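One structure is given below, encoded as structure tokens.
The values are calculated or read from the model by the stated rules, or taken from the named source; none is laboratory data. Fair warning: this is a prediction, and the values are worked out from it, not measured in the lab. Positions of Cβ are backbone-derived with ideal geometry, glycine not excepted, and every protein chain shown enters the neighbour counts. Protein only, heavy atoms only, side chains kept; ligands, DNA and RNA dropped before computing areas. Shrake-Rupley method; radii C 1.70, N 1.55, O 1.52, S 1.80 Å.
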Amino acid sequence: ALAQEATPQLQYLDLGTTALGYEGIDALAPAIISPGLSALRELHFDSNNIGDSGVQEFAALTGQPGALPSLEVLVFSANNLRATGLGALANATLRGGLPKLTRLFFSANRVGYSPSFAPAAGPLRLGGLRNLVFLSLTANKIDDARLAEIADVMADGALSHLTDLYLPSNLIGSEGLAA
């Protein structure tokens, strides 16, 4: 219904804890790419078990012309996401998607998760998120090595507008802070 009934004046949409999953992102595709959500400034998908494939689908949709052109705040917290999901959003912004995105909540996911039997986290690619002023990576199992990657990304000039970086409840020690 939202896809057909989206209104151009809608600025805030909270779909948190609604059991969307990957299928929900697919169902929202017509609304995301339509002018019906052109004024949307804030979108919440927290606690929906969307997974990396759902974020990748969302990122691909936002790369289409006219998709969420006014979106400033995006919440993908607690969705069982890894570095690949975060990288998909960064790549979408590199391709011109989400041009006004300045605040990203990616808390309570698994950006730093990399079990010894299967390195699943992958490299951290944040370069496309150059307009962010706020990034929350709270409770993402980020360790010293992953924090060093974030520091490298920042040193390379990516995230140059970032003023607020939230990293509490991670696995960061003194080595990570030295990075």
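Please list, in order along the stretch 48-56, the HN-Hα scalar couplings obtained from phi with the Karplus expression 6.51 cos²θ - 1.76 cosθ + 1.60 (θ = phi - 60°), rounded to whole Hz, x for Gly and Pro.
Karplus values, whole Hz, x for Gly and Pro: 10, 6, 6, x, 4, 5, x, 5, 4.
Going through the stretch 1-96, which trypsin sites (Lys or Arg not before Pro) have at most 12 other Cβ atoms within 10 Å and a DSSP loop state?
Loop-located and lightly packed - none at all.
Just subtract the alpha-carbon distance of D14 and S174 from 0.36 nm times their residue separation and send over the number in nm, one decimal.
53.9 nm
Leaving out ligands, DNA and RNA, what percent of the accessible area of the chain is carbon and sulfur, probe 1.4 Å?
Answer for the chain: carbon and sulfur cover 54 percent of the accessible area.
Given the chain, what percent of its DSSP beta bridges are antiparallel, to the nearest 5?
Counting only bridges with both partners in the chain, antiparallel ones make up about 0 percent.
Taking amide H positions as placed in the peptide plane 1.01 Å from N, state which residues far from L81 in sequence (5 or more) or on other chains have amide H under 5 Å from it.
R110
State the extension gain, in nm to one decimal, for the chain segment bounded by F134 and E23, taking 0.36 nm per residue of separation less the distance between their alpha-carbons.
37.1 nm
Run the simple label-point estimate for R41 and Y166 please: 7 Å along Cα→C-beta, distance reported in nm.
Rounded to a tenth, the inter-label distance reads 1.9 nm.
Once you sort the root eigenvalues of the Cα gyration tensor of the chain as a ≥ b ≥ c, which label holds: rounded (a/c under 1.5), prolate (a/b larger than b/c) or oblate (the other case)? Intermediate results must be reported in sequence, preceding the final value.
Values: a/c = 2.12, a/b = 1.62, b/c = 1.31.
Note, shape of the chain comes out prolate.
Please calculate how many Å² of accessible area the chain carries per residue, with a 1.4 Å probe and no DNA, RNA or ligand atoms counted.
With the other protein chains kept in place, the chain gives 45 Å² per residue.
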